[in-house]
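The values are calculated or read from the model by the stated rules, or taken from the named source; none is laboratory data. This one's a predicted model, so the numbers in the text were calculated from it and none came from an experiment. Here Cβ is always computed from backbone atoms with ideal geometry, including for glycine, and neighbour counts include all displayed protein chains. In case anyone asks, the SASA skips ligands and DNA or RNA and just uses the protein heavy atoms, side chains included. Shrake-Rupley method; radii C 1.70, N 1.55, O 1.52, S 1.80 Å.
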Amino acid sequence: MVAALSGSVATVSAGVSTPTDVVSISPSGMTVGVAHPVTVTFAGRIADRAAAERSLEITSTDTPAGEFSWLNDHVMQWNPTEFWPAHSTIALSVDGTKANFQTGSATVGVASISNHTFTVSVDGEVMREMPASMGKYGFATPTGSFTALEKQSVVIMDSRTIGIPLDDPEGYKLTVYDAVRVTWGGVYVHGAPWSTGSQGYENVSHGCINLSPDNADWYYNTVRIGDPIIVEA
């Protein structure tokens, strides 16, 4: 249980506090990965963020530790800093608005920049240790704990979106398959047939985690949105 319902969730208009309805709680009614955040969208600007945070109630067999962040003045997010229990139902309530979601297997991907590998375990059992290639000098893959944000079967990757012209020696425009987004800044785990000769040996990408087409397809069909992706130096 996290934070019993307490206090009023309010906006301020002309000096008068009024209740603000909950528009949505996400995830709801779906099965997600064990690191998926909880996002609450309110109808208006929240003046008392502490009260809004206290209004979130989580019921689980083993609720992980977590921390709040605000995406804007009416969208609150609670990010687990540990994993949800796998294969479980999680109940959520915010000021009387209820939702629930399920977790699937604990599918954890660990990218090792120095070892040039991407290792995936499911419920604690290593399923594949795959040769990988990460970001080269000047385009380092960020380290830390992330989650699978979205899955895209086909993505056009264009260097102009990160400020590199196509006619630059580092410029590129590629069609990429089996792409799992790691950051909103453009880091993915994806198939990269052009770098299979480097995978497992050296880092040659512009920041993404490159896998062979077969390995990328397997991971794409194994991972869920919200599953952990850990990048180590």
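For segment 154-172, check the following and say yes or no: at least one residue is assigned to a strand (DSSP E or B), free of Cβ contacts under 8 Å to residues at least 40 places away in the same chain and under 28 Å from residue 79 (Cα atoms). Yes; the residues of segment 154-172 include at least one that is assigned to a strand (DSSP E or B), free of Cβ contacts under 8 Å to residues at least 40 places away in the same chain and under 28 Å from residue 79 (Cα atoms).
Looking across segment 30-67, just one residue is touching a residue at least 60 places away in the same chain (Cβ under 8 Å) and either over 16 Å from the mean Cα position of the chain (by Cα) or under 16 Å from residue 96 (Cα atoms) (or both), and that is 63.
Pairs meeting the criteria (first residue in segment 68-79 and within 16 Å of residue 48 (Cβ to Cβ) and part of a strand (DSSP E or B), second residue open to solvent by less than 60 Å² (accessible area, probe 1.4 Å) and of a type in the set (Phe, Trp, Tyr), beta carbons under 9 Å, at least 6 apart or on different chains) are 68/78; 75/42; 76/42; 76/70. Against the definition (at pLDDT 95 or above and either open to solvent by 70 Å² or more (accessible area, probe 1.4 Å) or outside any strand (DSSP E or B) (or both)), how does residue 217 come out, yes or no? It is true that residue 217 is at pLDDT 95 or above and either open to solvent by 70 Å² or more (accessible area, probe 1.4 Å) or outside any strand (DSSP E or B) (or both). Are any of the residues in segment 107-130 surrounded by 15 or more Cβ atoms within 10 Å (Cβ to Cβ), touching a His at 6+ places or on another chain (Cβ under 8 Å), touching a residue at least 24 places away in the same chain (Cβ under 8 Å) and not β-branched (Val, Ile, Thr)? Checked segment 107-130: no residue is surrounded by 15 or more Cβ atoms within 10 Å (Cβ to Cβ), touching a His at 6+ places or on another chain (Cβ under 8 Å), touching a residue at least 24 places away in the same chain (Cβ under 8 Å) and not β-branched (Val, Ile, Thr). With the structure loaded, tell me whether residue 200 is assigned to a loop (DSSP other than H, G, I, E, B), modelled with pLDDT of 95 or more and open to solvent by less than 60 Å² (accessible area, probe 1.4 Å) or whether it fails that test. Spelling it out, residue 200 is indeed assigned to a loop (DSSP other than H, G, I, E, B), modelled with pLDDT of 95 or more and open to solvent by less than 60 Å² (accessible area, probe 1.4 Å).
Here are some residues: 179, 192, 140, 233. Which one is surrounded by 19 or more Cβ atoms within 10 Å (Cβ to Cβ), in contact (Cβ under 8 Å) with a residue 24 or more places away in the chain and within 18 Å of residue 112 (Cα to Cα)?
Details: 179 fails: within 18 Å of residue 112 (Cα to Cα); 140 fails: surrounded by 19 or more Cβ atoms within 10 Å (Cβ to Cβ); 233 fails: surrounded by 19 or more Cβ atoms within 10 Å (Cβ to Cβ).
The unique qualifying residue is 192.
So residue 206 ticks every box in (1) more than 26 Å from residue 39 (Cβ to Cβ); (2) exposed (fewer than 13 other Cβ atoms within 10 Å of the Cβ) but one. Which box is left unticked? Residue 206 satisfies all of (1) more than 26 Å from residue 39 (Cβ to Cβ); (2) exposed (fewer than 13 other Cβ atoms within 10 Å of the Cβ) except (2).
Results for (1) within 19 Å of residue 198 (Cβ to Cβ); (2) of a type outside the set (Phe, Trp, Tyr); (3) within 20 Å of the chain's Cα centre (by Cα), shown as yes or no for each residue.
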site	(1), (2), (3)
76	no, yes, yes
81	no, yes, yes
86	no, yes, yes
95	no, yes, no
115	yes, yes, no
118	yes, no, yes
128	yes, yes, no
141	yes, yes, yes
172	yes, no, no
